[in-house]
1. Note down the net charge around A188, summing +1 for each Lys or Arg and -1 for each Asp or Glu among other residues with Cβ under 13 Å from its Cβ.
2. Between D334 and R275, how high is the FRET efficiency from 1/(1 + (r/R0)^6) when r is the Cβ-Cβ distance and R₀ = 30 Å? Nearest 0.05.
3. What share of Cα pairs, in percent, lie more than 24 angstrom apart in the stretch 179-324?
4. Give me the one-decimal nm value for the distance between modelled label points at R180 and E129, 7 Å along each residue's Cα-to-Cβ direction.
5. For the chain, what does -39500 (n - 2.57) per DSSP helix run (n ≥ 4), summed and divided by total residues, give at 222 nm, in deg cm²/dmol to the nearest 500?
6. Let's test the formula: R0 of 35 Å, r as the Cβ-Cβ distance of V167 and Q101. What FRET efficiency results, to the nearest 0.05?
7. Starting from the amide H of N27, placed 1.01 Å from N in the peptide plane, find each other amide H under 5 Å away whose residue is 5 or more places distant or on another chain.
8. Assuming R0 = 30 Å, what is the FRET efficiency of A303 and T258, from their Cβ-Cβ distance, to the nearest 0.05?
Amino acid sequence: MGMLTGPLPLIPLTSGTAGAQQDKGPNVVALGGGHGLSASLSALRLLTTELTAIVTVADDGGSSGRLREEYGVLPPGDLRMALSALCDDTDWGRTWRDVMQHRFRPGKGNGGSLDDHATGNLLIVTLWELLGDAVAGLKWAGALLGARGQVLPMSTVPLTIEGDIRVTAPDGESVLRTVRGQARCAVAGSLEHVRLLPEDARACTEALTAIELADWVILGPGSWYTSVLPHLLLPEMRDALSATAAKRCLTMNLATDTKETSGMTAADHLHALRRYAPDFSIDVVLADPASVPDREEFEKAAAMIGAEVVLGKVGASGRRPVHDPLRLAAAYHDIFGNS
């Protein structure tokens, strides 16, 4: 146990990485969760070594949900994915990334206790138990991966997302029904009156400091109501994002009409952001042209939040709506250079 009070272990840098350190690039903070945040981090790590990921902590499904419920900890899954996206580009980093991402499949028995748990989730929770500090545990996990950047939770207490959906009652009347939990909200359809619980939750102090010192803040892509907007629903973080001197870039999703945002257009996404954070402004909105069929409507919505629209091909080739890291990095590079 005594060894855990010492300095973090240092992973030797390769000559290529050491050379890259001479030009660190802009200080960038990326906010979100899940696959969307991993996409932005995979692109941003190509442009800067001064990178901080601030991750939503409201997940209540799968392995993360089980660990959260059983041990009362932050859901580790999105934090693990962010760490993995920042792993050192060496055999060491890639190997430990694969270890972190490994998920136990059901064995020969029925209902094994490790079934569907990700190794990285268990490792992160172990570090939290040993150190008693969520941020310190993530730093140690990052050191193991040789992560090129830091990963922070948006809050050091688990959060719950709650929203209302409009349903038809037996008498035919339209009524609002409350849906609680990220997993349920993600498939609920068009949400109304989304909120975070507990209402008085504090933001992570280190995350607020990172936002204050950033040159650029990147919000999105990701599930709009359960990964992107939660950062603006937490009062202290919303205030920090509104007050920072950093430039702000909003990265739009490639698919807008999802189970979580049923019937919503790209412009509707921006209207939702304005509704929940009326004092928050954006400098640049980055979108793939294929996801914005009505450009005039979208540009009007962007102007409403003070943003310039930048259209660029950032989606990967293929049918699945996923961002290509190289294309996204090129778009961010141009945006940073033109600021």
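Each value in this text was obtained by applying a stated rule to the coordinates, not by laboratory testing. Because the structure is predicted, anything quoted here is derived from the model rather than measured. Cβ: placed from backbone, ideal geometry, glycine included. Neighbour counts: every protein chain shown.
1. On the way: positive: R166, R177, R180, R184, K259; negative: E162, D164, E192, E260.
Counting the neighbours of A188, the net charge comes to +1.
2. Numbers: r = 30 Å, r/R0 = 1.00.
The formula returns an efficiency of 0.50 here.
3. Working: 3350 of 10585 pairs.
In whole percent, the share of Cα-Cα pairs in the stretch 179-324 beyond 24 Å is 32.
4. 2.7
5. Details: 14 runs with 134 residues, N = 339.
Here the helix-only value at 222 nm equals -11500 deg cm²/dmol.
6. Details: r = 38 Å, r/R0 = 1.07.
Efficiency at R0 = 35 Å is approximately 0.40.
7. Amide H neighbours of N27: D215, W216.
8. Details: r = 25 Å, r/R0 = 0.83.
After rounding, the FRET efficiency stands at 0.75.
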